[in-house]
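Here, each number is a calculation from the coordinates, and none is a lab measurement. These figures come from a predicted structure and were not determined experimentally. All Cβ positions, glycine included, derive from the backbone under ideal geometry; neighbour counts span all protein chains shown.
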Amino acid sequence: MDVLVAVASRHGGTWEIGEVVAELLRGRGHVVDVRSPEDVTTVAGYDAVVLGSAVYLAHWMPAARELADRCVDELVSRPVWLFSSGLATQPANSANSPHEIAALRERVGARGHRHFRGRLDRAVLSFAERAVIAGGRAREGDHRDMGAVAAWAGEIADDLVACVPSVSS
């Protein structure tokens with residue numbers, strides 16, 4: 001199957017999660033494109049879509065939300081999975097459950113949503129981002145569990161097999 005993995009990432013950590021998903025799907029025989037949501041005008045030509053976004057201030061990045069809005073009619077006609085990546089530690093973790101996910105899942109008919117812990121490197125943040133992070137008392141470091149990401153991608157690959165119509169002999 002041809003699969004689009006579209007990832008909105010500001011500092012690269014969420015993009016790397018998308019790359020792990022894509023690599024596992026490729027390893028299971030799928031043709032996978034990894035693209036930024038801004039570069040996607042249509043999902044025509046793809047059999048399935050994985051859409052992910054970094055989470056800032058409890059919201060997906062605008063580019064990911066806009067892709068879902070722009071392609072909603074196409075998304076509902078194919079298998080879709082969503083993922084989010086944000087701050088990993090309490091008390092900030094509760095602030096990184098995107099408010100729009102429940103409505104987005106329903107609107108596009110997503111088969112699921114996974115939240116993954118993120119990576120925090122204060123050195124790459126703007127002053128405003130550092131101020132928000134300080135208020136959230138988030139711990140610096142890479143809190144991503146790429147094994148969990150790969151396991152989830154494996155679930156998607158298994159589900160894609162079930163989506164392929166069987167050919168009778």
Report task. Compute the length gained on full extension between ARG111 and LEU57: take 0.36 nm times their separation in residues and subtract their Cα-Cα distance, giving the result in nm to one decimal. Result -> 17.0 nm
Query raised in the report: Could you give the length gained on full extension between THR42 and ALA151, defined as 0.36 nm per residue of separation minus the Cα-Cα distance, in nm?
Result: 36.4 nm
Query raised in the report: Taking θ as phi - 60°, what are the ³J(HN,Hα) couplings along region 40-57 by the Karplus curve (6.51, -1.76, 1.60), each to the nearest whole Hz, with x for Gly and Pro?
Result: 10, 9, 8, 9, 4, x, 10, 7, 8, 9, 10, 10, x, 8, 5, 10, 10, 6
Requested in this report: Report, by chain and number, residues whose modeled amide H sits under 5 Å from the one on HIS115, excluding near sequence neighbours (fewer than 5 apart, same chain).
Outcome: SER84
Query - Around ASP33: net Lys/Arg minus Asp/Glu count, Cβ-Cβ under 11 Å - result: 0
Query raised in the report: Local charge sum around ILE101 (other residues, Cβ-Cβ under 12 Å, Lys/Arg +1, Asp/Glu -1)?
Result: +2
Requested in this report: Collect residues whose amide H, placed 1.01 Å from N in the peptide plane, falls under 5 Å from the amide H of TRP60; neighbours closer than 5 in sequence don't count.
Outcome: HIS99, GLU100
